[in-house]
Amino acid sequence: MLINSISNLGDSTLKKINGTGRFTLFLSLCFSKLLKWPFPLKDTIKQTLFIGARTLPVILVAGLFTGMVVALQFYDTLIRFGSVDLLGSAVALSLIRELGPVMTGLMVIARVGSATCAEIAIMRNEEQFDALDCMAIDNHHFVMLPRLIAALISVPLLTAIFDVVGISGGYIVGVVIQGVSEAAFQQGMAETIVWNDVLMGFTKSFLFGLVIIWIAMAKGFYLHLDPNAHGAEGVSKVTTEAVVTSAILMLLVDYIISAFLL
């Protein structure tokens, strides 16, 4: 019994190591196609529209209500200590450093990560990648690279929009509804926010975009290597795994970046 348990643990560990190496090689191959000609500009623009522009309504709504809730919570806390003038800086710092990148990443995972993984998994299921290989068409160059570049461009921009909308939501709650001084709200932000805060948020959003699209594409692309993933059920399985894995890995990256930049 003990030997079987140890054997199963060893098999599981080896599978995880092989999977990590396979995923790393996949990402390396995608980046290696950056300088390959012709550059898939049309597909990149199409994917940027899908990842960026079509996710914008979700970001606007989520950013507005997140900023309003954050301002309401901070107002309730700060007024107890007579420090309500710090509301603007508290809202802006929490959004720019942490909530903006994380909430944007989660919204992108929910909308883009799941759709991308399902699309690529279906292509693998229908043997479209095998057909492309037969026609000497590079899968990583024409299918994966446009999605990767689009995510690296779109997620930081979506995060910036989320921050602006969130701060506006905080302004509505703090200044318009609760009656905090407008000058104190704006001056607190201006005096508190420094370049390092913006750099932290930008770095997180860039790496979050990389993690999200990487896991989504690789999970779908290697669907055929999973013995328990077949047909429509297999697509559902790897899509769920991609969403969960990318969310957890994103939060791990969030901690690492915060530890280095704080």
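The values are calculated or read from the model by the stated rules, or taken from the named source; none is laboratory data. A quick note: this is a predicted structure, and the numbers were derived from the prediction, not measured. Every residue, glycine among them, receives a Cβ derived from its backbone with ideal geometry; neighbour counts consider all protein chains shown. When the accessible area is computed, the model is the full protein with side chains, heavy atoms only, and any ligands, DNA or RNA have been set aside. Shrake-Rupley method; radii C 1.70, N 1.55, O 1.52, S 1.80 Å.
Return the label of the correct value of mean projected area of the Cα convex hull in nm², as calculated from the structure shown, out of (1) 18.2; (2) 16.1; (3) 14.8. Read-out from the structure maps to (1). Split the accessible area of the stretch 110-239 by element, probe 1.4 Å, and carbon with sulfur accounts for 64%. Working from Cα positions, state the angle (0 to 90°, nearest 10) between the long axis of helix 56-78 and the longest principal axis of the chain. Its long axis makes an angle of about 40 degrees.
Using the Stokes-Einstein relation with a Kirkwood hydrodynamic radius computed over Cα pairs, the translational diffusion coefficient of the stretch 115-262 at 20 °C and a viscosity of 1.002 mPa s comes to 119 µm²/s. With all protein chains kept in place, the per residue accessible area of the chain amounts to 52 square angstrom at a probe of 1.4 angstrom. Under a 10 Å cutoff between Cα atoms, tell me which one of PRO101, PRO156, PRO57 has the largest fluctuation in the Gaussian network model of the chain. Greatest mean-square fluctuation among the candidates belongs to PRO57.
For the chain, the tally of Lys pairs with Cα-Cα distances below 25 Å comes to 15, considering only residues 8 or more apart or on different chains.
With N counted as the residues of the stretch 53-205, its alpha-carbon radius of gyration over 2.2 N^0.38 Å works out to 1.37. When only alpha carbons are used to place a centre, the stretch 187-262 and the stretch 1-40 end up 17 Å from one another. Ratio of Rg to Rh for the stretch 167-207: 1.12 [Cα atoms; Kirkwood radius as inverse mean 1/r over pairs]. Taking 7 Å steps out from each Cα toward its Cβ at THR203 and ALA115 produces label points 3.1 nm apart. For the chain, the longest principal axis of the Cα atoms and the long axis of helix 114-125 meet at an angle of about 10 degrees. Computed from the alpha carbon atoms alone, the convex hull of the stretch 1-88 holds 250 Å³ per residue. In terms of packing, defined here as the mean over residues of other Cβ atoms within 10 angstrom, the peptides 249-255, 12-18 line up highest first as 249-255, 12-18.
For the chain, the mean residue ellipticity at 222 nm estimated from helices alone is -25500 deg cm²/dmol, where every DSSP H run of n ≥ 4 contributes -39500 (n - 2.57) and the total is divided by all residues, rounded to the nearest 500. Of the accessible area of the stretch 31-100, computed with a 1.4 Å probe over protein heavy atoms only, carbon and sulfur atoms account for 72 percent.
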